[in-house]
Amino acid sequence: MLRAWSDAPAFVLSCPGPLRRQHAALTPISQLTLPQTLLGAEAQLLAFAAAEPEIAPRCFFTPLPEMFFTPQSLAPLWAALGRAPAERLPVHLRFGGTRSVRVMKEAVNGVVLAEDHFSPPVTASAHPFASGLVLPAAIRRVFLCGEALARPLPLGRAAVQAHLVPDALLAAAPWHGEAGEPELVSLAEFRSANFAAGPVRTASAQIRAAAGATPFVLVPWNLDNPGSAVPALLERALRLRAADQAALRFVIYPFNYPGQTGLIRRLIRRAREASAEAAAALGGIYLARAAGPEAIAGLRQLAPIAWVDGNDPEYAWTAQRLAGAGFSPIVLAAREDALGLPAVAADDAVMFAAETRFGDLHFPLRLPSLRALRQLLDLTRAIAAALAPPAPAPRGRRRKVPA
């Protein structure tokens with residue numbers, strides 16, 4: 001995939017994320033730790049690095065590629081490699097959504113995308129990157145994690161070379177092994193500074209025990225998608241749960257986290273308003289992160305079934321990644337392609353308004369109607385019952401049979 005750039009002196013990888021968790025301008029990939037490794041740009045970056053072992057000694061991570069803007073600014077890179085400045089420029093690969101692309105001026109730039117903007121905003125602002133279909137002009141190559149239907153174009157330029165990322169990127173991490181504890185915090189206990197700066201508590205065993213027989217559902221949430229349907233979906237599910245005491249419990253899994261927690265606080269406000277018993281509702285909904293295969297295995301034990309928002313530009317990569325990791329995804333089908341996975345139709349068309357750094361954007365979303373949501377709950381319970389281990393046979397006293 002990187003044949004044309006294989007002789008580059010160095011590869012610098014970057015993705016969106018909270019800056020306060022990074023303490024160096026450049027980190028060797030072998031020493032990099034990221035807060036979650038299951039979904040989104042962080043997972044794609046680590047999987048990419050694992051799938052290209054021949055470039056590992058020349059591979060680094062930077063939280064801010066724009067800090068390298070002069071030849072002199074590359075001095076830490078050459079020092080880390082133990083070599084004099086090279087004649088060729090390093091390669092910078094950016095992971096994450098098109099609206100979060102950054103460039104490194106003293107490098108050759110490419111982007112790795114898992115997005116398919118099949119439903120761009122209907123009223124985008126005049127900002128050049130508002131639609132999600134435009135990339136910075138400095139981008140030279142686009143690497144696609146799947147056949148995207150709407151391929152973005154660099155600003156003011158014709159199409160650049162596009163390459164298909166091998167499917168191995170979906171499975172470049174060990175999924176099996178001893179289960180550990182994912183990071184979990186309830187919406188009632190959420191604190192912005194704690195979530196952004198470091199780990200939150202790990203108590204999945206106690207949470208599972210407190211829930212009893214009520215199954216947990218994993219709900220992936222792409223924070224870098226301003227048109228995400230997850231907040232509205234959670235609100236509808238909570239309103240339905242008010243009339244159905246046997247409804248499910250939710251583990252929200254944020255990914256593509258840009259380091260700004262306003263979206264999470266807004267979700268908490270909507271969840272509080274949607275439930276008559278706000279305190280109980282917020283105490284029973286959790287935010288999760290999973291860094292490493294052990295934590296992913298523990299998350300799978302807690303919430304083996306996932307609802308995947310079919311409106312999300314990354315829904316195909318997300319659903320396939322979850323399936324490869326042993327989860328049982330259900331696609332909320334906003335279009336016909338449900339990827340051959342269990343699906344429930346998102347049959348209610350709504351318009352969603354989002355305030356973004358690109359101005360006000362309006363997205364056409366498709367959500368499950370009340371009837372479809374009940375079907376989704378029934379399907380989830382049926383899959384949960386099928387996944388549950390069989391109950392042990394009752395052991396009674398053996399009767400003596402007369403001779």
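In the stretch 299-307, is there at least one residue being among the charged types (D, E, K, R), surrounded by fewer than 22 Cβ atoms within 10 Å (Cβ to Cβ) and either modelled with pLDDT of 85 or more or outside the structural domain of Ser131 (by TED's automatic domain parsing) (or both)?
no
Can you tell me which residue among Gln22, Gln72, Gln36 is touching a residue at least 40 places away in the same chain (Cβ under 8 Å), of a type in the set (S, T, N, Q) and surrounded by fewer than 23 Cβ atoms within 10 Å (Cβ to Cβ)?
Result of the check over Gln22, Gln72, Gln36: Gln22.
Regarding the stretch 20-37, can at least one residue be identified that is closer than 25 Å to Gly326 by Cβ and among the small types (Gly, Ala, Ser)?
Checking the stretch 20-37: not a single residue is closer than 25 Å to Gly326 by Cβ and among the small types (Gly, Ala, Ser).
Would it be correct to say that Ser275 is at pLDDT 85 or above and either surrounded by fewer than 19 Cβ atoms within 10 Å (Cβ to Cβ) or within 21 Å of Leu367 (Cβ to Cβ) (or both)?
no
Would it be correct to say that Ala80 is touching a Lys or Arg at 6+ places or on another chain (Cβ under 8 Å), more than 30 Å from Val308 (Cα to Cα) and of a type outside the set (Val, Ile, Thr)?
no
Being touching a helix residue (DSSP H, G or I) at 6+ places or on another chain (Cβ under 9 Å) and part of a helix (DSSP H, G or I) is the filter here, so list the residues in the stretch 20-41 that pass it.
Arg20, Arg21, Ile29, Ser30, Gly40, Ala41
Is the stretch 57-68 home to any residue that is crowded, with 19+ Cβ neighbours inside 10 Å and of a type in the set (Asp, Glu)?
No, the stretch 57-68 contains no residue that is crowded, with 19+ Cβ neighbours inside 10 Å and of a type in the set (Asp, Glu).
List, please: which pairs have Cβ atoms under 7 Å, are six or more places apart or on different chains, and start with a residue in the stretch 369-385 that is farther than 14 Å from Ala343 by Cβ and end with one that is at pLDDT 85 or above and among the aliphatic types (A, V, I, L, M)?
From residues that are farther than 14 Å from Ala343 by Cβ, the pairs are Ala384/Ile305.
The values are calculated or read from the model by the stated rules, or taken from the named source; none is laboratory data. Everything quoted here is computed from the prediction, not taken from an experiment. In this analysis, Cβ positions are derived from the backbone assuming ideal geometry, glycine residues included, and neighbour counts consider all displayed protein chains.
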